[in-house]
1. Pick out the one residue from ARG103, ARG133, ARG107 that is among the basic types (Lys, Arg), under 19 Å from PHE48 (Cα atoms) and at pLDDT 85 or above.
2. May I ask you to verify whether PRO122 is surrounded by fewer than 13 Cβ atoms within 10 Å (Cβ to Cβ), of a type outside the set (Asp, Glu) and part of a loop (DSSP other than H, G, I, E, B)?
3. Filter region 44-59 for residues that are in a strand (DSSP E or B), closer than 15 Å to LEU142 by Cα and among the hydrophobic types (A, V, I, L, M, F, W, C); which is modelled with the lowest pLDDT?
4. Any idea which of (1) outside any loop (DSSP other than H, G, I, E, B); (2) among the small types (Gly, Ala, Ser); (3) modelled with pLDDT of 70 or more; (4) surrounded by fewer than 19 Cβ atoms within 10 Å (Cβ to Cβ) is the one ALA62 doesn't satisfy?
5. Would you mind stating whether ALA71 is at pLDDT 80 or above, of a type in the set (Gly, Ala, Ser) and out of contact with any helix residue (DSSP H, G or I) (no Cβ under 7 Å at 6 or more places or on another chain)?
6. Taking the criterion of being surrounded by 15 or more Cβ atoms within 10 Å (Cβ to Cβ), assigned to a strand (DSSP E or B) and more than 11 Å from the chain's Cα centre (by Cα), would at least one residue in region 89-106 satisfy it?
7. Taking only region 76-88 into account, find how many residues are over 14 Å from ALA40 (Cβ atoms) and modelled with pLDDT under 90.
8. Does GLY46 fit the bill of being over 21 Å from TYR127 (Cβ atoms) and touching a residue at least 60 places away in the same chain (Cβ under 8 Å)?
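The values are calculated or read from the model by the stated rules, or taken from the named source; none is laboratory data. Every value quoted in this text rests on a predicted model; they were computed, and no experiment measured them. Cβ placement follows ideal geometry from the backbone for every residue including glycine, while neighbour counts extend to all protein chains displayed.
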Amino acid sequence: MSEQLWNPEWCIVGNLLPYPYGQGGPHADFRSQKIFPAGAKLYVIGGFAGMGHGTITVIGYAHRRRDPVTAHIKAKYVGNWRARLVYRPVILRAINLTQEEERTAHRWLTGYRDGLRVEHWPTEPEYGEHLARVAAYFQRALHGPQ
């Protein structure tokens, strides 16, 4: 099997927020979602635009799993939105595979600058700046100004 070289690509990254269970409930000390543990690093690769990106597509490591998992979760469950370069080949492979398989994983590759539509490439620095603006918008819209 040949080993493919992966160049670092820009992606929006966030952390899963802990689920607020009740103080006296049966799982009062359980601070996790169903798929991912609380605080898990999630790579946001797209979402459902028709729903205002209320549901997003993420890749991350689930409970007791070695390989990354792709899931659709509510955007309000993710905090600390930021744009980062992804270097890990297993994550890059999962991002590109999901992008090929699903139509929802568009990764915000198109943007608008001066009223014109701009196509981005995932490895260029301008795409990182574009994703930083998108991440800042989601952070502000979902969790208020900081």
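1. ARG133
2. Answer is no for this residue.
3. Here the answer is ILE56.
4. Every condition holds for ALA62 apart from (1).
5. Values: at pLDDT 80 or above: yes; of a type in the set (Gly, Ala, Ser): yes; out of contact with any helix residue (DSSP H, G or I) (no Cβ under 7 Å at 6 or more places or on another chain): yes.
Criteria met by ALA71.
6. There is no residue in region 89-106 that is surrounded by 15 or more Cβ atoms within 10 Å (Cβ to Cβ), assigned to a strand (DSSP E or B) and more than 11 Å from the chain's Cα centre (by Cα).
7. Going through region 76-88 one residue at a time, the tally reaches 1.
8. No; evaluated as a whole, the condition is false for this residue.
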